[in-house]
Each structure stands twice: as C-alpha cells, then as structure tokens.
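What follows is one structure encoded as structure tokens, with my remarks underneath.
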Amino acid sequence: MPSLVPSESPQPSSMPSGAPSASGKPSGAPSGAPSASGEPSGAPSSTRDKLMKSLLLTVSSKDALNNKGSPQEKALLWVTTSPLQPGTNDAQIIQQYILAVFYYATGGAGWKDKEGWLESSNECTWEHVVCSGGVVVTELKPHVNNLIGSIPTELGKLDSLEDLLLFENDLVGSIPTELGELGRLKYLYLDNNQLTGGIPTELGELGSLEFLGLSINQLTGEIPTELGELDSLVSLFLYDNQLSGGIDAGICSRDGCISSPFADCTVSVVADCTVCDDDATPDNCCTFCFN
C-alpha cells in the first residue's frame, strides 16, 4: 500500500489522562464534491474512476465496493470527485477513502461535530483529524460525537495512526481484527459504546500500545492472553463487560507494570487483573476488581 509516512516518526499531540480531549480543526476550501448531506451521486465510469476503484481494492473487498449503498460504495463515489489522480496521489486517495468509509459507516451526517468532513479537499483540516506534517493522519478522535454504526475494517489500513479515540458513542458490532495492524497505535479508546463479541487476539500485536480502553461495552469471552505481550501498556480498562477468565500473568512479570488495570468481578466467574507496584514480581502482585 502506498505510504504517506514522513521522514520523522509522528508524535501524538498530548498524553491523555484517562481519555484525551478532541482538538477541533477548521475546514478548508470546499472541493464541491458531495452535497451538504454528504451523500455522493452518480457512479464511476471513466478510465480514471476505474483506476481509482482498482486502487481501492487493496483496501476494501470487491463485494463491499460493489454493494450499492454500502459505506464503501458511497466512499468510492465521493473520492472519485476529488482532484487527486491515481498513480500520482495513491496514498492520499487511500487515506481520504478510508476516512470517508468511516464517515458513512458511523452515520457522519448525524455527528455533533463534522466540520470539513467530505467538504474540504484536505482531510487534515477535518474536525477530529490530526495529521503529521499536514499530510499523514496520526490521530482520529471523534469521541462523544454521536457516532452510530460499526467500526469499519478499513481503519486498520491507516498505518501511521497513533490515537484512535471513539469512546462515548453508539458504536455496535465487533472490534475489527484489522485494528491489530496499526503498529504505531499508542492510544485505543473504545469505551462506553455497545460493542459485542470478543476482544480480538490481534490487539496483542500492538507493540506500541500504551492505553487500551474497552470498558462499558457488551464484550464476551475470555480475556486474550496476548494482551500480556503488550510491553508498552500502561493502562488497561475492561470493566463493565461480560468477560471471563483473567489477564495473563505476563503483564506482571514483564519489565514495567500496568498502573491501572480494571476488569469485572462476577459471582460465577472472576475476570481479574493484576496491579503491580514499582518492584513487582509474579509473587507480590495483587488483584484488583472493579464493578
């Protein structure tokens, strides 16, 4: 996949305490692409549009792109109206497309704050989007913003993303396994939604992850042992779900302990987590439950 990664590794704008706040972005000059409702019209037919569709098949499935009315089909129709050219602006086309899929998949037309979205030709000026060098998206933070829908798998292709903050919305469905592809991700907050299913084992591949918030959802199943392999993890919030089992002891035995892990305690099944002090070892850790 084409890369927009700058020469220096991007840094997050701030260190959250519990959960970072959003920073608003002014909108740029409108491109004239979609209407005020954000709904595209027409169908791609030119050679350029066909090249663009071929490019986006590296991100979404053919079935999704061809499914009339799907977020992917709407995003395809929208991105074909941009001035970007396949073969010259591939990385930016993909980046804009992924954000457009996210917009349509989460009811963007009904968001509380959506300034610039699908109106400006520069996605780095869109509300809740932060870029490094004005080019590469590193933060996506539309939390507490009336998002309704599911998290699209395409977000896993924003490979420079460091902050993904979607807490306190009305998101449903499962957590995409593709989020495990975000190797630079440091902050993942999905708390206080209506997410279901299990915690993907692929999240254990997020080697840069420092904060993981999945609390106040409807998640089920066992807590993946792979979370114990997250060496950079500082805070872990899993409470108010229907999880079972415990957190892997590796969280306590590794170098550097988690300062604030929370999970559920129930009558029949205890999902506990380990709280470590500065000189903790597997033998002197304690468990801490949060109802």
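Computed from the coordinates by the stated procedures, all read-outs in this text should not be read as laboratory data. Note that the structure is predicted; figures quoted are calculated from it, not measured. Here Cβ is always computed from backbone atoms with ideal geometry, including for glycine, and neighbour counts include all displayed protein chains.
So here's what we get for this one:
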read-out	value
Sequence ranges 61-70, 91-100, 140-149, ranked by mean other-Cβ count within 10 angstrom, highest first	91-100, 140-149, 61-70
Reachable lysines from K74, criterion Cα separation under 26 angstrom, eight or more residues apart if same chain	K25, K50, K53, K62, K112, K114, K141, K157
Positive minus negative residues near Y189 (Lys, Arg vs Asp, Glu; Cβ under 14 Å)	-4
